[in-house]
Amino acid sequence: MYVETIDQYVSDEGELDDLIEEYELERSAIRIYATTKVEMHIDAEDIIEAACKDLHDNAGEHCDVKSLQAALNNWCDQQKGTTTYYPDYCVGIIIAGEKQEG
């Protein structure tokens, strides 16, 4: 979730509660949005097109796109810490008023 009010991302309600307390925010005044997850992706066709740019016109047609894409997907899956989240301003999140104790 993206908390626009303080430009912070949180993954659960506990983190949200901690930020509310830390910044002394009113729950009713907070703007929160869902997020869109973006993973690393490298397109094999783009790589082949660039690699064959200076070769004959049909050179790219002789390249194995599927095996290159499989290798690139495997490599991307092994990379850690690259997942990125962006606010989805079309999906607002409404939170309840005061948090109940107990």
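Quick note: the coordinates plus some simple rules give every number you see, no bench work behind them. Remember, predicted model here, so these are calculated numbers, not experimental data. Every residue, glycine among them, receives a Cβ derived from its backbone with ideal geometry; neighbour counts consider all protein chains shown.
Do any trypsin sites (Lys or Arg not before Pro) in the range 39-92 lie in a loop, going by DSSP, with at most 16 other beta-carbon atoms within 10 Å of their beta carbon, and if so which? Qualifying residues, ordered by number: Lys53, Lys80.
If the chain linking Leu19 and Ala70 were pulled fully straight, counting 0.36 nm for each residue of separation and taking away their Cα-Cα distance, it would gain 14.2 nm. Pick from Asp46, Asp17, Asp77 the residue whose mean-square fluctuation is largest in a GNM of the chain, springs joining Cα atoms under 10 Å. So, out of Asp46, Asp17, Asp77, the one fluctuating most is Asp46.
Exposed loop sites are taken as GluC sites (Glu not before Pro) in a DSSP loop (any state but H, G, I, E or B) with at most 12 other beta carbon atoms within 10 Å; the longest stretch of the chain without one runs 40-97. Residues in the range 64-75 carry Karplus couplings, in order, of 8, 5, 4, 5, 5, 5, 4, 5, 5, 4, 4, 4 Hz; the curve used is 6.51 cos²θ - 1.76 cosθ + 1.60 with θ = phi - 60°, and Gly or Pro positions show x.
Return the inverse of the average 1/r over all pairs of distinct C-alpha atoms in the chain, which is the Kirkwood hydrodynamic radius, in Å to one decimal.
Working: mean 1/r = 0.0576 Å⁻¹.
The answer is 17.4 Å.
Rounded to the nearest 500, the helix-only mean residue ellipticity at 222 nm of the chain stands at -10000 deg cm²/dmol, with each DSSP H run of n ≥ 4 adding -39,500 (n - 2.57). In the elastic network of the chain, a GNM with C-alpha springs shorter than 10 Å, the most mobile of Leu55, Leu68, Leu25 is Leu55. About the centre of its Cα atoms, the chain shows a dipole size close to 260 debye [charges on the beta carbon of Lys, Arg (+1) and Asp, Glu (-1) only; nearest 20 debye]. Considering the dipole of the chain built from charges on the beta carbon (Lys and Arg +1, Asp and Glu -1) around the Cα centre, which of Ser28, Val91, Ile47 is farthest to its positive end? With unit charges placed on the Cβ atoms, the residue in question is Ile47.
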